[in-house]
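Undergrad: I have a structure here, written as structure tokens, and I will follow up with some questions on it.
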Amino acid sequence: MIHPDTELKFISNEIGYGVVATKFIPAGTITWVLDCLDREFTPLELQQMDPIYQNILDTYTFRNNKGNYILCWDNGRYVNHSFNSNCLTTAYDFEIAIRDIQPGEQLTDDYGYLNIPLPFRAADEGTRRKIVYPDDLRKYYKVWDKKIEKVFGHITKRQQALRPLLPEALWDRIEGIVAGKEELESILSNFYNGESV
């Protein structure tokens, strides 16, 4: 589920729709959580579907570390790519704002950590990276881990609208990480290496 202080908005003809903050979302806020309404499809299930459904899933899903396709049931599926994303996924089935997000600003992900099956050329943002590759997670996980580490400690200090969706055991784990009792797991744990699990 996407953060409630967001809305779907038309961005441009090139980009289409995107998810935009309706209120200030501070760094350390959980911006998305994998929930019970999100659907998971195996590669075999996807292959057995009619092409119209395959196209929808190809557009609106990401792959988890098992290689299964995750379809968000809400506006989370419209979060656009950016090489300078303001959100990052974690090893815990939720995403976090890695910097403050202002009202009217898009929530963005770097699709490089979403296990895309094929490379694609993204909109030019003036960054060194121009193409998103299927193995970007292996290349950039240390950079992304540092960005997550920088704000992870804020999770327990922020008002978390999506907190009710997190299992108690996971919240206890987050508190343990913030308190330094447990190590933060790397974003690399999300990498799908192409083998069935």
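Undergrad: Give me log10 I(q)/I(0) at q = 0.18, 0.24 Å⁻¹ for the stretch 24-106, Debye formula, one equal scatterer per alpha-carbon, no solvent.
TA: Cα-only, vacuum Debye calculation for the stretch 24-106: -0.83, -1.23.
Undergrad: Can you compute the helix-only [θ] at 222 nm over the chain? Use -39500 (n - 2.57) per DSSP H run of at least 4 residues, normalise by all residues, nearest 500 deg cm²/dmol.
TA: Calculated mean residue ellipticity at 222 nm is -6500 deg cm²/dmol.
Undergrad: For the full complex of protein chains and a 1.4 angstrom probe, list PHE24, PHE41 by accessible area with the highest value first.
TA: Working: PHE24 100, PHE41 15 Å².
Output order, biggest surface exposure first: PHE24, PHE41.
Undergrad: In nm, what is the difference between 0.36 nm times the number of residues separating GLU149 and GLU182 and their Cα-Cα distance? Write out the running numbers ahead of the final one.
TA: Values: separation 33, 0.36 × 33 = 11.88 nm, distance 1.27 nm.
Using 0.36 nm per residue and subtracting the Cα-Cα distance, I get 10.6 nm.
Undergrad: Charges only on Cβ, +1 for Lys and Arg, -1 for Asp and Glu: so what's the dipole of the chain about the Cα centre, in debye to the nearest 20?
TA: Details: 22 positive and 29 negative charges, 124 e Å.
Roughly 600 debye, rounded to the nearest 20.
Undergrad: Expressed in whole Å with the largest first, what are the equivalent ellipsoid semi-axes of the chain derived from the C-alpha gyration tensor as the square root of 5 times each eigenvalue? Could you put the intermediate results ahead of the total?
TA: On the way: eigenvalues 122, 82, 63 Å².
For the chain, the semi-axes come out at 25, 20, 18 Å.
Undergrad: Using a 1.4 angstrom probe on heavy atoms only, work out the carbon and sulfur share of the accessible area of the chain in %. Walk me through the numbers on the way to the answer.
TA: Working: 5450 of 10820 Å².
Here carbon and sulfur together make up 50 percent of the probe-accessible area.
Undergrad: Cα centroid distance between the stretch 113-190 and the stretch 1-69, in Å?
TA: 16
Undergrad: Quick one: grab Rg to one decimal and Dmax as a whole number for the stretch 80-176, Cα atoms only, in Å.
TA: Considering the stretch 80-176 through its Cα atoms, Rg and Dmax are 14.5, 42 Å.
Undergrad: Please work out how much accessible surface LYS9 shows to a 1.4 Å probe, ignoring ligands, DNA and RNA, in Å² rounded to 10.
TA: Roll a 1.4 Å probe over it and LYS9 shows about 100 Å².
Undergrad: How large is ³J(HN,Hα) for each residue in the stretch 139-154, as worked out from phi by the Karplus curve 6.51 cos²θ - 1.76 cosθ + 1.60 (θ = phi - 60°), to whole Hz, x for Gly and Pro?
TA: After applying 6.51 cos²θ - 1.76 cosθ + 1.60, I find 7, 10, 4, 5, 5, 5, 4, 5, 5, 5, 4, 4, 10, 4, x, 7 Hz.
Undergrad: Considering amide H positions built from the backbone, and no H for Pro or chain starts, which residues 5 or more places from THR31, or on another chain, come under 5 Å of its amide H?
TA: Amide H neighbours of THR31: GLU95, ILE96, ALA97.
Undergrad: Towards the positive end of the charge dipole of the chain, with charges on Cβ (+1 Lys, Arg; -1 Asp, Glu), say which of LEU71, PHE83, ILE155 has the farthest Cα.
TA: In the chain, that residue is PHE83.
Undergrad: Just to compare against my own numbers: the Cα pair-distance distribution for the stretch 59-131, 10 Å bins, whole % per bin, please.
TA: In whole percents, the pair-distance histogram is 17, 52, 29, 2.
Undergrad: Let me ask another. Could you state the accessible area per residue of the chain in Å², with a 1.4 Å probe and every protein chain left in place? The partial results should precede the final answer.
TA: Working: 10820 Å² over 197 residues.
Averaged over the residues of the chain, the accessible area is 55 Å².
The values are calculated or read from the model by the stated rules, or taken from the named source; none is laboratory data. A quick note: this is a predicted structure, and the numbers were derived from the prediction, not measured. Glycine gets a Cβ as well: all are built from the backbone with ideal geometry, and neighbour counts include every protein chain shown. These accessible areas exclude ligands, DNA and RNA; they are computed on the full protein's heavy atoms, side chains included. Shrake-Rupley method; radii C 1.70, N 1.55, O 1.52, S 1.80 Å.
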